[in-house]
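The values are calculated or read from the model by the stated rules, or taken from the named source; none is laboratory data. No experiment lies behind these values; they were computed from the predicted model shown. Positions of Cβ are generated from backbone atoms using ideal geometry, with glycine treated the same way; all protein chains shown enter the neighbour counts.
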Amino acid sequence: MTPTPRIALLNPNTNAETTRVMARIASDAVEDAFFDARTVPFGPPIITTEAGLHRAGEQVVSSGKILHREGFDGILVAGFGDPGLHCLREIISTPVTGIAEAAFAEATQHGGKYSVVTTTPDLKASIHDTASRYGYGENLVSVRITPGAPEVVMAEPERLAQALHSACLESIRLDRAEIIIIGGGPLALAAETIASELPVSLINPVIAGAKLACARAGIVRSDGQTAYTPRASR
């Protein structure tokens with residue numbers, strides 16, 4: 001019997017409820033894997049600045065060391081800036097996956113131009129840099145930001161979904177985006193809400209990350225195929 005992959009979903013934001021939501025979304029997306037919700041102990045509840053991203057990276061590294069010792073098959077860094085990911089990879093052998101790298105990779109596999117839609121204006125340049133660093137910057141046509149302070153927009157689920165939906169439509173109309181990435185782990189639930197309302201493919205980074213993390217877990221069936229089974233798209 002093939003063992004079930006155990007993936008630690010590590011939220012670089014300190015909002016534990018958001019962590020639980022992301023772990024549920026990941027579990028719903030992948031049948032044969034267990035996602036253990038973990039939250040860094042210190043830092044902002046929502047990462048909105050470069051400084052916050054840097055501090056979160058330090059927390060990801062320290063928490064990742066502990067998760068490695070706990071024997072997880074993989075670690076999924078569930079913040080869109082992938083904070084601490086590269087440093088953590090250098091010091092542990094457990095496969096580490098970032099939701100941003102997974103989302104960019106999936107968009108590139110689809111082909112065509114893509115946009116990132118998110119809520120954090122101060123991280124716009126960082127998103128462009130991250131896409132380029134992974135080698136996925138060529139087809140990124142825009143990073144669209146919802147209006148208003150991130151903390152205010154994200155405090156109301158309906159308002160958040162509406163703001164993201166409007167920004168997605170702007171990306172499609174003005175930037176000719178053929179694929180939309182929702183740029184944020186805490187935005188994953190809203191991404192699920194609006195996915196069916198858009199005329200183009202929408203990539204939820206938590207789902208993309210869950211699938212890639214399982215593929216990297218190294219657990220395969222006797223027939224050589226990956227042991228996890230992605231659920232059908234909803």
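Observations on the structure shown:
- Screening residue 228 with (1) touching a Pro at 6+ places or on another chain (Cβ under 8 Å); (2) modelled with pLDDT under 95; (3) part of a helix (DSSP H, G or I) gives one miss only, at (3).
- Positions within region 62-102 being closer than 16 Å to residue 212 by Cα and β-branched (Val, Ile, Thr), in sequence order: 75, 77, 94, 96, 97, 99
- The helices (runs of 4 or more DSSP H) found wholly in region 115-217 and carrying at least 1 residues that are in contact with a Phe, Trp or Tyr (Cβ under 8 Å, 6 or more places away or on another chain) and within 22 Å of residue 101 (Cβ to Cβ) occupy 124-133, 205-216.
- Inter-residue pairs, beta-carbon under 9 Å, first under 19 Å from residue 33 (Cβ atoms) and in region 71-95, second among the acidic types (Asp, Glu) and assigned to a loop (DSSP other than H, G, I, E, B), 6+ apart: 94/73; 95/73
- Check on residue 133, buried (at least 18 other Cβ atoms within 10 Å of the Cβ), basic (Lys, Arg) and on the phi < 0 side of the Ramachandran plot: no
- Region 179-206, residues that are of a type outside the set (Ser, Thr, Tyr), over 19 Å from residue 120 (Cβ atoms) and touching a strand residue (DSSP E or B) at 6+ places or on another chain (Cβ under 7 Å): 179, 195, 198, 200
- Comparison of 107, 26, 102 shows that the only residue that is farther than 15 Å from residue 216 by Cβ and of a type in the set (A, V, I, L, M) is 107.
- Test for residue 107: is it free of Cβ contacts under 8 Å to residues at least 40 places away in the same chain, within 26 Å of residue 75 (Cβ to Cβ) and touching a strand residue (DSSP E or B) at 6+ places or on another chain (Cβ under 7 Å): no
- Selection within region 173-197 - buried (at least 18 other Cβ atoms within 10 Å of the Cβ), more than 19 Å from residue 26 (Cβ to Cβ) and of a type in the set (A, V, I, L, M, F, W, C): 177, 179, 180
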